[in-house]
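The values are calculated or read from the model by the stated rules, or taken from the named source; none is laboratory data. Just so it is clear, the structure is predicted and the values come from calculations on it, not from any experiment. Please note: Cβ atoms are built from the backbone with ideal geometry, for glycine as well, and neighbour counts cover all protein chains shown. These area figures cover heavy atoms from the full protein model, side chains too; ligands, DNA and RNA do not enter into them. Shrake-Rupley method; radii C 1.70, N 1.55, O 1.52, S 1.80 Å.
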Amino acid sequence: MPFPIHRPRRLRRTESIRNLVRETRLHPSNFIYPLFLVAGEGKNKPISSMPGVSQLSIDQAVLECEEAKRLGVGGVILFGIPEHKDELASGAYDPHGIVQQGVRAIKRAVPDLLVVTDVCNCEYTSHGHCGMIVGNEVDNDATLDWLAKAAVSHAEAGADIVAPSDMMDGRVGAIRDALDATGYQQTPIMSYAAKYASGFYGPFREAAESTPQFGDRRGYQMDPPNAREAMREIELDIDEGADLIIVKPAMAYLDIIAAARDRFEVPIAAYQVSGEFSMIMAAVQNGWIDKDRVMMESLIAIKRAGASIIINYFAKDAARLL
Ligand code: PBG
């Protein structure tokens, strides 16, 4: 027999053959684009560590949403930066809070763009933690009621999906109960089920002005070396009623995405977080790597690992290329 019999290069020779045998494809409808909302009008305040990303007043966010819709982006996820922060995170569940107003405005202007809301307190507390501080600790059970109230206020405003990102135990169940009790049985919960205490959130904390004033989030977010624990977190959230789950960050946790895909049947989202975006953009700005190639390669890797939905800051740019 002539050598070699198998020539894998045959299927790589032309773009038409590569296209035929391509195993994974990106589609903009699977992207969720994060937006940071601030009070005021006509405001567009660039976030220095995230080139191309800004804090936006609601009128400007509506324009972004219209563009996202035109580009076929699946949806947006909203983060709010309130004018006043306090110990009780009152801005988080205020029916007239920044996110609640944002949801109403966006749903009015672009009704069929999916609007997801991040349910957490860290942007709203004066201390920057995701929950209520009792003594020197974030008190789990005291926080659940806040989260449930915030989720209901988002659903009331018209949010299509609520996404709790606080990592308190039992919050998915508490939110499900509260939504069901107020007539929002049809509102899905997309839980940040496996959310790690990550250094990659650095730029987000500038964007959301949510750096903890003391301590860190390691008492509630997951320890990066743990994989089995992520499976347990996901299982608990699904048992409590999560409809979709999120693994976060994405690129350093592709093994977690793949393991979750193998084991669970719910749709899996991955969040390519601020630091992952900033790292790529910093190298792009230095001329060290090609933006389009690396952006697409990073997104396809996340999808190949098993995430069907990708929350990411490249969403509009990537949609333009697709
Ligand atoms: C809120 C929240 C964070 C992110 C999403 N929701 C920050 C954090 O936990 O510190 C990070 C997103 C990003 O880095 O892009 N708890």
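For the range 24-321, the gyration tensor built on C-alpha atoms gives a rounded shape. Its axis ratio a/c (a ≥ b ≥ c) stays under 1.5.
Across the range 109-122, rounded Karplus estimates of 3J(HN,Hα) from the backbone phi angles (6.51 cos²θ - 1.76 cosθ + 1.60, θ = phi - 60°) give 7, 9, x, 9, 8, 5, 10, 9, 10, 7, 9, 7, 10, 5 Hz, Gly and Pro being marked x. Between amide H atoms placed 1.01 Å from N, distances below 5 Å from residue 133 occur with 139, all of them 5 or more places distant or on a separate chain. Rolling a 1.4 Å probe over the protein heavy atoms leaves residue 290 with an accessible area of roughly 90 Å².
Scanning the chain for chymotrypsin sites (Phe, Trp or Tyr not before Pro) that sit in a DSSP loop and have at most 15 other Cβ atoms within 10 Å, the longest stretch containing none of them is 1-213. Between the range 25-55 and the range 150-206, the C-alpha centres lie 20 angstrom from each other.
Could you tell me whether the range 114-228 comes out rounded, prolate or oblate from its Cα gyration tensor? Rule is a ≥ b ≥ c as square roots of the eigenvalues, rounded for a/c under 1.5, then prolate if a/b exceeds b/c, otherwise oblate. It is prolate, given that a/c is not under 1.5 and a/b is the larger ratio. With 19 Å as the limit on Cα-Cα distance, the pairs of 43/69; 45/69; 69/107 that go past it are 43/69; 45/69.
The smallest convex shape that holds all Cα atoms of the range 215-322, its convex hull, gives 125 Å³ per residue. Let me know the shape class of the range 182-244, please: from the alpha-carbon gyration tensor, a ≥ b ≥ c as square roots of the eigenvalues, rounded when a/c is under 1.5, otherwise prolate if a/b is greater than b/c, or oblate. Judged from the Cα gyration tensor, the range 182-244 comes out oblate (a/c at least 1.5, b/c at or above a/b). In a DSSP loop and with at most 12 other Cβ atoms within 10 Å, the GluC sites (Glu not before Pro) in the range 76-148 are 83, 87. Gain on full extension, evaluated as 0.36 nm per residue between residue 285 and residue 139 minus their Cα-Cα distance, stands at 48.3 nm. Can you give me the % of accessible surface on the chain that is carbon or sulfur? Probe 1.4 Å, all protein chains present, nothing else counted. Result for the chain: 51 percent of the exposed heavy-atom area is carbon or sulfur.
Accessible surface for the range 24-321, divided over its residues, is 40 Å² per residue with a 1.4 Å probe. Among the trypsin sites (Lys or Arg not before Pro) within the range 201-298, those in coil by DSSP and having at most 12 neighbouring Cβ atoms inside 10 Å are 218. Ordered by 1.4 Å accessible area with all protein chains kept, 26, 20, 63 run largest first as 20, 63, 26. Axis of helix 254-263 versus longest Cα principal axis of the chain: the two differ by about 90°, to the nearest ten degrees. Between 0 and 90 degrees, rounded to the nearest ten: what's the tilt of helix 171-181 against the longest Cα principal axis of the chain? So the inclination is approximately 70 degrees.
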